[in-house]
Amino acid sequence: MIDLNARLIEYNDIADEARHFVFEADAEFTFLPGQFVSFSELVDGKKVTRAYSIASPPHGNVFELCLNRVTQGKLSPRLFDMGIGDCIEMQGPLGYFVMRNPVNDTVFVATGTGIAPFRAMLKSQLLHDSEHQFTLIFGVRYERNIMYQEEFEAMAAQHQNFHFWPTLSRPESPWQGRTGHVQSHLMEAIGDRRDVDVYICGLKLMVDDVRSRLKELGFDRKHIIYEKYD
């Protein structure tokens, strides 16, 4: 882990109150898909630090983030106010939420911006892995909240071993896809198998519930890999 500065080079809004950021580190920056960075900024005279999962595979010193605007948050409003060329203090890479070696058939379970590390993992893994099956169950409230929808749909069309299951907890017409919470689609994804790896990322309640269900089904701890967001 090293101290760096990150310069904003591009951004675009990808859902309600959600933005995709592209940053460039000011020195060599090497990370593994699934790791995160910490940004720090002085807010009201106090240093505030927040962790954000990297949403892209390694590409030189450039990395991407996917963030929600938290209106009452300490740091996210500052990030949403950044303009092209603005810089922020950064530490990284950090974390151990990365693809296990050897890779197994895998189910990814995400809600909200918990999609970020899985986007990085899938964009990296699918380039060279046509052997294993990957299923992404992605839960949000409304269709307009499905971050990277067209991108994941294109990936599923291009790679027969990748399956994208967007799931809406508050569906509106004319949605014809999956509904409810991600947990309700878990059994369809894993079937009778207990040897698949299940990666879980999102808010604590969802992560804890999925972990509990998997343990009740007899999953070994080594096949349950997770990261929680507060």
What fraction of the Cα pairs in segment 150-199, stated in percent, has a spacing above 13 angstrom?
66
Over all directions, what mean area does the Cα convex hull of segment 66-194 project, stated in square nanometres?
10.6
Hey, quick one: spin label on GLU151, modelled 7 Å out along Cα-Cβ, who in segment 200-230 has an amide N within reach, i.e. under 20 Å?
200-203, 227, 229
Listed candidates (1) 18.6, 57; (2) 17.1, 51; (3) 17.6, 55 - label of the one calculated as Rg and Dmax of the Cα atoms in Å:
(3)
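Once a ≥ b ≥ c are taken as the square roots of the eigenvalues of the Cα gyration tensor of segment 1-66, is the result rounded (a/c under 1.5), prolate (a/b larger than b/c) or oblate (a/b not larger than b/c)?
Working: a/c = 1.68, a/b = 1.08, b/c = 1.56.
Oblate.
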Considering amide H positions built from the backbone, and no H for Pro or chain starts, which residues 5 or more places from THR179, or on another chain, come under 5 Å of its amide H?
LEU168
Through the Karplus equation 6.51 cos²θ - 1.76 cosθ + 1.60, θ set to phi - 60°, convert the phi angles of segment 135-141 into ³J(HN,Hα) values in whole Hz; use x for Gly and Pro.
10, 10, 9, 10, x, 9, 6
Tell me the angle of helix 204-216 to the major Cα principal axis of the chain, expressed in degrees between 0 and 90 and rounded to the nearest ten.
30
Given the chain, what percent of its DSSP beta bridges are antiparallel, to the nearest 5?
55
With all protein chains modelled, accessible area of LYS222 [1.4 Å, Å²]
140
To test your reading of the geometry: what angle, between 0 and 90 degrees and rounded to tens, separates the Cα axis of helix 149-158 from the longest principal axis of the chain?
50
Backbone N within segment 185-199 under 13 Å of label point (7 Å from ASN104 Cα along the Cβ vector)
190-199
For segment 102-107, what does the Karplus curve 6.51 cos²θ - 1.76 cosθ + 1.60, with θ = phi - 60°, yield as ³J(HN,Hα) per residue in whole Hz, taken in order and with x for Gly and Pro?
x, 6, 10, 4, 9, 10
Hey, rough spin-label estimate for ASP3 and ARG193, points 7 angstrom out along Cα→Cβ, what's it come to in nanometres?
4.6
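If you count, for each residue, the other Cβ atoms within 10 Å and average over each peptide, how do 40-49, 161-170 line up from highest to lowest?
Values: 40-49: 10.8, 161-170: 18.2.
Most protected by this proxy first, the peptides run 161-170, 40-49.
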Restricting to lysine pairs 8 or more places apart or on different chains, what number in the chain have Cα atoms under 21 Å apart?
8
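The values are calculated or read from the model by the stated rules, or taken from the named source; none is laboratory data. Everything numeric in this text was worked out from a predicted model, so none of it was measured. Using ideal geometry, Cβ is built from the backbone for each residue, glycine included, and neighbour counts are taken over all protein chains shown. SASA here: full protein model, heavy atoms, side chains in, ligands and nucleic acids out. Shrake-Rupley method; radii C 1.70, N 1.55, O 1.52, S 1.80 Å.
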